[in-house]
Structures are given as C-alpha cells and as structure tokens.
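Novice: There's a structure below that I have some questions on.
The values are calculated or read from the model by the stated rules, or taken from the named source; none is laboratory data. Treat the numbers as computed from the prediction; the structure is a model and nothing was measured. With ideal geometry, Cβ positions are generated from the backbone for all residues, glycine too; neighbour counts draw on all protein chains shown.
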Amino acid sequence: MVITLAVSSAGRQRPGAAAPGLNPTAARGRMTAMSTVHRSACPYDCPDCCGLLVEVEGGRAVAVRGDPDHPWSQGTLCPKMNRYEATVHAPSRLTTPLLRDGPKGSGRFRPTSWDEAVALIASRWKALIAEHGAECILPYSYAGTMGLVQRNAGHAFFHALGASRLDRTICSPAKGAAWKAVMGDTAGMDPEEATESDLLVLWGLDAVATNIHFVARAKAARARGARIVLVETYRTPTARLADEVLLAKPGSDGALALGLMHVLDRDGLVDRAFVEAHVQGYEELRRRVLPEWTPERTAAATGVAAERVEALARALGAARAPFLRVGNGLSRHGNGSMNLRAIACIPALIGAWARRGGGVMFDSSSSKAFDTSVVTREDLQPRPTRLVNMNQLGHALTELDGPRVMSLYVYHSNPAAVTPDQNRVLAGLLREDLFTVVHERFLTDTARHADVVLPATSSLESDDLFRSYGQYVVQRTRPVVAPVGEAKPNWDVFQLLARAMGLSDPFFQLSASDLVDRLLEPPSPWREGIDRAALDEGRPVSLRLPPDAKLRFRTPSGKIEILNPRLAHPLPIALPSHADASPLPLRLMTAPSLYGLNSSFLQERADLQAKAGPMALRMSPADAGARGLAHGDRVLAWNERGEVVFTLEVTDDVPPGVVVAPGVRRLEDALGTRTVNALTSQRLTDEGAGSTFYDTAVDVRAA
Ligand code: SF4
C-alpha cells in the first residue's frame, strides 16, 4: 500500500497529514480535500538548494512548488523543478532490479528480485576480492543528490570493504584550494550581503542558469543603485542582467585580475590602512608581479581592451562596497586555482571586506556546520586504500593496474555522460571482464552499460539533511511519498550489501533518520541557537554566521595572504592553461543549460528536452564564415580525443576563438555517436586535482 508521509512535530513520520505550520491552501489553488502539502528540498547539485512544497494525493506527488517560507529561495523554483512530480513519477523510472540480458552496452535487461541481485553482487565481489584484493572494486558517485546522508551513503560501506577510494574532484576543488591559499579557513560570505553592495561583479557566474536566486539579490542591489558587471568568456543569459559585460579569453582570468590590481596600485586606489592592518604580501605583489601587468599587456593576454581594464579597476577603487561573486567554471582550467587566487586578492587591496556588502564570495561555508565523518566513517577502513581521481575514470578502467579495476559501483552519477574523455570511459565500461553495478532512477547512459541495475528512490522518497554551498539555509527532509515500485534509497541498499558481504559493524544497522540525528548531534557554533524543533519538523532554518566572520581572517598569519610562503608560488602570477599549448584554434565552453543540470532532467522530461532542442554548438559569425559554415549546418567538433556532431548556431553572443556547447545530453540523443565530453580531457587543475572541462581546444568543420 502506498501511503503519504508527513513530518510530525516529534520528527517521526505519520501518514496523511500536512507539514506543521503550513497553510496547505496557500500552496496552490487546485488543492483538493484529499491532498496534503509537505515540505522538502531540491536535491540537485545547485547552490540554491531551494525549499519545496509537495502536494500529495493518493500517494503520488501531484504538484511541486517553491516554499515561500524558505529564506533564500522565497517561493520560486527554476523551470526544471517546477514540475518535479513529473520526474518522480515519470513512466521511465526504474522500478525493479535488472540483470543484463544482452551484449554490454546494449541496454537489454531482464527484471529480477532484490534478493537475487544482491546475492549476485555479493558472490561476484567475494570472488573478485579473493582473486585481486578489495581495491579492485571502485565506487563512483558525486552529487546526483546533495543530501548529506544519501549523497555519502556508500562511503562507510566501501571503507569497511577496503575498496579503492574515489577522489571526488569533478566540480571545483581548484576554487577551494585558491580560497584556502589566500583566505585560509575564513568563512565564505553571506550572499545576502550582495544586496548592500554598490558594485556587483559576477565573475564567471551564469547566475540565470546556475544560481537563479542570486539574480534576485543582484536585482535588489540594483534597485538600491548598484552597478552590475559580468566577466565572462561569452555572453551568457546572465549578460542581460548586467550593465556591462567584459569578455575575457578562457583561462585568462588571473591575468585580468593582475591587470586590475596593477591599475589600482598605479592610481593610488589601494586602501593602505586596510592593507596595513589585514593583508600580508601587498608590497611583494606590487614590486614583483604587478609592474608587468599594464593595461596593454593585460589586454593582449585577456582580449579585454586596455581602457575597459582601466575603467573596471577605477570603478572597483571608487566603489563603497564592491562584491565579487565568483562562479565555478573558471576554476576548471589547468591554471584555474591560480586564476582564482589572483581574483581573491582584489577585495583585499581595496579594503572591500571592511564594509557591509563588500568582499568576495566563492562559496558558502555551510559545510562547517556538520561533521560528515559520522556518515562517511573513514575509520572503518582496514588500512588506507588507493585514491582514484574521478576525472580520470577512463584511465582507471582501461589502464590502471595494481590491481586492475574489476568492478565499478555507480550511484547517483552518470559517468558515461558527465566524466571527461568519454571515449575512454565508454571503452572501460564495455570491458567484458568489468562487473558494473548501477543504482539509478533511470536507465542512463551508464546504466545501459551495467551488469546489474538497481532502482533508486528520488529525494521525495527518502530521509536526508540538506545544506547549500551557495547560501546558509539547512533543511531536514523526510519521505513524502512511498518508494516508486521497488526503488530503494542509497543508504538502504548499502545496508543490504553490508549484510550480504558480512560487514557486522552496528553502524550499518542505523536508519537514514538516525544518521541525520548523528549529524545534528555534535554541537557547532554554526547551529548554536537555531530552532532545532523547526529543523526536525522539516522547516528551512538559517545557520548562524559567526558575528566576527568577516574581519577575522582565519589564516596562519591572521591576515589575508596575498603572499603565502607555504606554496610553490608564494605570490599570485599568471600561469598558462593546458589549451594554450594546443595548435587547435577554438576554445570549447561546455556550458550549463537552462533545461538540464549536468545529465539530470533530460532523461525523463520530454518537455525540457524539447526546450533544449538538438545538441547545439554556438559559434561567432567570424569563425563560422572563415570555415564556410552557416547557421543550422551539421558540424563536427574535433580534437585528439574525439569527434562530436552538433547543429551549428551562429551568434554574436560568442566571441571569435570560442565555441559553446550547452548542456550534457544522452547518447541516444547524439547527432553522431558521442556527446560533448568526448572532447574534454582527463588532465587536472594546478591545485586540487580538479576537472578541466573548460580547458579544451577544438576545431570545427562541416560534418
Ligand atoms: S535546481 Fe537549483 S534553482 Fe532549481 S529548484 Fe533546484 S536548487 Fe532551486
């Protein structure tokens, strides 16, 4: 029987009641007497982590809307989530375990029971461990769900098994390394401060596609008189929000930052009193690095005209409280971390930190509020095991030895589509001797290559705790509908596998809700004084930023460290990107889509697929003309790793030398045989061992 679950004030599930404190009729007009409304949170990899109101009727989610009581998202959702019920109850949801019933990659399966599937996995793993050792098993997951329990549900199991560990660095660890280099453990800014800025610089942030509720803050700042400047590699949808757009060559952000600081220094716009009190290394920077970064040299390196470099520097120097909001994409270059280090130094020179609304925000620091080791349990490892970088899965599956990877377990991730160097990844997944298990909601490109597919729940069917990397609201969620078919949450599956593999630690007896309690148990200054009862009821609750968060710089010197003597490059400098060494003339931007998030949504939502259109490559009129190509042509983008067919879109939004491919598409929707990550590389960033998706050189010809 399917039952509807809501959250009781005691924090337990009870059937068929609305979330406390919620006026159900406020949720939407079409509610019936039989429906109830429940709070939840958006589980996807997005800095907004929006609050949801889910209307449930007859055991099904029938409508999903934004929660007006959520302090950050305030009742609005992006177009992808406005019909989340269509994802949750999509006809293409996997509802039973499946066993491969055809050649690898054929997508042919036969249904089986959970008992048979788990017994098969356990017997194959026991045999592989006996022959090759447990490190021949590799888990693969990232952020298909962002909940602290379900996202991290496999760590303890694989640690206890002694499997290889995955270095989960596909997003922006280079950005984290840059922050650490300059700011140490200083907390990330509260994005709400942006509304009090008089100059907002969105640096590599396509807020309209990836941080939509920051757009509302930017508009609020503008209503109070702020100017908005966008620094980007092409005109994104966010350009419409900006008063001014500076297009810089991909990977040249560090050079631009150094050029801006040259002008600030040259023109006496540095806040000497702030620098004296709070900054380490300004004198070294101005003597050793800045002199060569004249506006002319900066223009040559970045493509931004010298007078525009001068104008932005003067605006930064004159602003009362400049706020720099920095996106993730610009860190995904071979020189990404160094580029972000240079950007992080700008507000230090102008003393922006000293004023409300001023500073630089890379990410929020809400992770500091929770000790996730109570879920990930590294201590269960019998001994430290090898670490495999997730960006180099293709290498791991086809070349890595000692031992060879013999089994891959993928959960809430789709590496066949989202991991760089797709040809190598697919070659690995097609290995006959690789035993692949995929736990997923849909038959993704990766699941089609599995030996065993296990059906996964959506976020509306499981317990979790959500925090955001772009703001400071946290939310506890509980199931609001029963699992669809025989789907199971990540944690429940690892409990089954632990039992089958003979892992007897009592930790594996805990429920997902127990794990949430454990995350909330240890005291944290970030959670001091928050309304725990409200949190347990499922309401969104704001964390407390330490009152001295802004001017207490948590570095070894206690100052902002422009000079960091502990690093190989103690001062920020301009480094080349990987693609700078390529003879190929175009730089490929694998851009976010308004209608998908990585490979999520397009799998199951025909409405979003239709809006996304065919796989497109956007190119400047100059580059199209030089190649004899016209709008609508079928073209082939190529490099040493692969070839991908696109429909050409010729547009002035893209400058010469750049091409843009929005979204990550399914192999079955490819115009040729591959999707965009056949062109991206397994090379890593300068710091953080991160992905370098945007550091890709290609050329384009008619297909
Ligand atoms: S994807 Fe982002 S913007 Fe859209 S609902 Fe989820 S958290 Fe909000």
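Novice: Which residue pairs have Cβ atoms under 7 Å apart, sit 6 or more places apart or on different chains, and have a first residue in region 347-374 that is over 18 Å from residue 331 (Cβ atoms) and a second that is in a helix (DSSP H, G or I) and acidic (Asp, Glu)?
Specialist: Every condition considered, the pairs that remain are 356/193; 356/196; 357/193; 357/196.
Novice: Looking at residue 245, is it touching a strand residue (DSSP E or B) at 6+ places or on another chain (Cβ under 7 Å), within 22 Å of residue 590 (Cβ to Cβ) and modelled with pLDDT of 95 or more?
Specialist: Criteria met by residue 245.
Novice: Still on this model: Would you confirm, using the coordinates I've provided, whether residue 614 is in contact (Cβ under 8 Å) with a residue 40 or more places away in the chain, under 21 Å from residue 234 (Cα atoms) and crowded, with 20+ Cβ neighbours inside 10 Å?
Specialist: So residue 614 does not fit the description; no.
Novice: Moving to a separate point now. Filter region 248-276 down to the residues that are in contact (Cβ under 8 Å) with a residue 40 or more places away in the chain and either part of a loop (DSSP other than H, G, I, E, B) or surrounded by fewer than 18 Cβ atoms within 10 Å (Cβ to Cβ) (or both) and list them by number.
Specialist: 248, 249, 250, 251, 252, 267, 269, 270, 271, 273 - these are the residues of region 248-276 that are in contact (Cβ under 8 Å) with a residue 40 or more places away in the chain and either part of a loop (DSSP other than H, G, I, E, B) or surrounded by fewer than 18 Cβ atoms within 10 Å (Cβ to Cβ) (or both).
Novice: Quick check on residue 233: is it under 30 Å from residue 569 (Cβ atoms), of a type in the set (S, T, N, Q) and within 16 Å of the ligand (Cβ to nearest atom)?
Specialist: no
Novice: With (1) of a type in the set (Asp, Glu); (2) within 23 Å of residue 158 (Cα to Cα); (3) surrounded by 23 or more Cβ atoms within 10 Å (Cβ to Cβ) as the list, and residue 445 as the residue in question, which single condition is left unmet?
Specialist: (2)
Novice: Collect the residues in region 465-495 that are more than 14 Å from the ligand (Cβ to nearest atom), over 15 Å from residue 441 (Cβ atoms) and out of contact with any Asp or Glu (no Cβ under 9 Å at 6 or more places or on another chain), keeping them in residue-number order.
Specialist: 465, 494, 495
Novice: Restrict the check to region 591-610 and report whether at least one residue is of a type outside the set (Lys, Arg) and free of Cβ contacts under 8 Å to residues at least 24 places away in the same chain.
Specialist: yes
Novice: Would you check which residues across region 618-631 are part of a loop (DSSP other than H, G, I, E, B) and closer than 16 Å to residue 654 by Cα and list them?
Specialist: Selection gives 620, 627, 629, 630, 631.
Novice: A further question follows. Taking the options 245, 182, 208, name whichever one is of a type in the set (A, V, I, L, M), farther than 17 Å from residue 315 by Cβ and either within 16 Å of the ligand (Cβ to nearest atom) or surrounded by fewer than 22 Cβ atoms within 10 Å (Cβ to Cβ) (or both).
Specialist: It is 208.
Novice: Given the structure, is residue 570 away from the ligand (no atom under 16 Å from the Cβ) and within 29 Å of residue 347 (Cβ to Cβ)?
Specialist: The answer is yes for residue 570.
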